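Reading through the structure tokens given below for one structure.
None of the figures in this text is laboratory data; all of them are computed from the coordinates on show. Not measured: the values here are computed from a predicted model. Here the Cβ positions follow ideal geometry from the backbone for every residue, glycine too, while neighbour counts run over all protein chains shown.
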Amino acid sequence: MAAPLPLVRSDEPPEWRPGDVWTYQSKAGTETQTRVLEVIEVREMGGVRYYVVRTEGSEHYYTMDLQWAGAARDRRVEARITPPLPWFAWPLDVGRRWSHKGIYEDPSGKREFDTEFAVTASETIEVPAGRFQSLKVVRESAGQYSDEYWYVPEVRFYARWVGRRGNVDFDWKLEHYRAASRLIPAPRPSAPSSR
């Protein structure tokens, strides 16, 4: 039997670069798809720098600390949330909790968004891309949204995302991660927590 992987933590947000690509197997209900997320650029708007991530013809905007700000198609806003939604809070460590209150806006209108997050475990996760040590984050919001996702420092994002929107359950599993070329190596992973 293989030795268990050490506990993991992540002290700071990863650096994404244009050319970073994540490919996922996505299952929602009975439908299965391949979903590709690619960082296409870093863009400044209103004095704030965003990673622009293309997926399925739309562009998603993430702050430098991976807070989701919105999505656009053909440079027209499809959805946005103010302030941006903090999918992660750094340092990311087991036991960390945070909350978010914001206004979500899409073509159907505006509504308040109240969300709670917690890092519940350091777990080994196995997906088509491999076996990783991860941090499991749970997200609950008032209404019909819930998420569990497993952040993996090595892939700079989640390796699995399980969620519910309304009455539809979905499950995304990482098939492949391709990092953009980096001449300066990424920092070494953080040491395990002493807790």
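Structure data summary
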| read-out | value |
| --- | --- |
| Pair ILE184, LYS101: separation of 7 Å Cα→Cβ label points (nm) | 4.0 nm |
| Sequence-separation-based contact order of segment 21-176, relative, with Cα cut under 8 Å and 6+ spacing, percent | 17 percent |
| 16 Å cut-off, amide nitrogen to a point 7 angstrom out along ASP169 Cα→Cβ, residues in segment 125-151 | 145-149 |
| Among ASP169, ASP65, ASP20: highest mean-square fluctuation, GNM of the chain, C-alpha pairs under 10 Å | ASP169 |
| Linear extension gain, ALA121 paired with ASP65, 0.36 nm per residue minus alpha-carbon span | 18.1 nm |
| Percent breakdown of C-alpha pair distances by 5 Å bin, ordered from the shortest bin, for segment 21-176 | 2, 9, 16, 21, 24, 19, 8, 2, 0 |
| Pairs of lysine residues in segment 21-176 - Cα separation under 27 Å, sequence separation of 8 or more or cross-chain | 5 |
| Charged-residue dipole, Cβ positions (Lys, Arg, Asp, Glu), segment 21-176 about Cα centre, Debye nearest 20 | 160 debye |
